[in-house]
Amino acid sequence: MFALISLVLLCLPLLAASALRRVPAGQVHSLYRHGRPVRLLQPGTHWVLPLVDRVAHRIDLGGQVLRFQEPLAGAADVHGTVYWQVLEPERADAVIDQVDQLIRRGALEALREEPAATAANPRDLGSRLKQALNGALRERGMMVTRVELDFA
């Protein structure tokens, strides 16, 4: 009986420490319980249920950078940098793991739609690419802030 009480007293501080979550400034953490989203943890310190709740995504609210290189049919390779950020973490939480693929696929589709204008005016093509990407990402709570293209 004494051993059981001492074991509980030893485990109690560990459980209390695992129930405390610290979210740094500029981030939002999505809290999941039994595989379903419960809430978003804003910056600060939060109490969660240990062994039941888990942080599924750590969403950075600052700017993100994605670099890509895509070969185009009949043209040189396109190197680019896409700067994007999360505006609405509630909406972005569902697709935050696939955002790199969404941006790459959207950029490739937009570049293939305008093969003649690819090397003509990179600045104009970058702004059209930004508009096309924003059309797909805005409904998901994200926004492309800038696109830089370089043709090899």
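The values are calculated or read from the model by the stated rules, or taken from the named source; none is laboratory data. For clarity, every value in this text was computed on a predicted model and none was experimentally measured. Glycine gets a Cβ as well: all are built from the backbone with ideal geometry, and neighbour counts include every protein chain shown.
Residue-wise test of (1) under 30 Å from LEU111 (Cβ atoms); (2) modelled with pLDDT of 90 or more; (3) outside the structural domain of LYS130 (by TED's automatic domain parsing); (4) in contact with a helix residue (DSSP H, G or I) (Cβ under 7 Å, 6 or more places away or on another chain).
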{"residue": "ILE5", "(1), (2), (3), (4)": "no, no, yes, no"}
{"residue": "ALA16", "(1), (2), (3), (4)": "no, no, yes, no"}
{"residue": "TRP47", "(1), (2), (3), (4)": "no, yes, yes, no"}
{"residue": "VAL52", "(1), (2), (3), (4)": "no, yes, yes, no"}
{"residue": "GLY74", "(1), (2), (3), (4)": "yes, no, no, no"}
{"residue": "ARG91", "(1), (2), (3), (4)": "yes, yes, no, yes"}
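Flag: VAL8 does not match the condition of being aliphatic (A, V, I, L, M) and assigned to a strand (DSSP E or B). Would you mind stating whether VAL78 is of a type outside the set (Gly, Ala, Ser), touching a residue at least 40 places away in the same chain (Cβ under 8 Å), farther than 27 Å from ASP150 by Cβ and in the same structural domain as GLU113 (by TED's automatic domain parsing)? No: the conditions fail for VAL78. Picking from residues in the range 135-152 that are over 16 Å from ASP100 (Cα atoms) and of a type outside the set (D, E, K, R), the one that is modelled with the highest pLDDT is LEU149.
The test for being touching a strand residue (DSSP E or B) at 6+ places or on another chain (Cβ under 6 Å), outside the structural domain of LEU129 (by TED's automatic domain parsing) and closer than 24 Å to ASN134 by Cα holds for VAL28.
Among the residues of the range 41-62, those that are in a strand (DSSP E or B) and over 10 Å from the mean Cα position of the chain (by Cα) comprise LEU41, GLY44, THR45, HIS46, TRP47, ASP53, ARG54, VAL55, ALA56. Note on the range 20-51: residues that are surrounded by 11 or more Cβ atoms within 10 Å (Cβ to Cβ) and over 21 Å from GLU88 (Cβ atoms) total 6.
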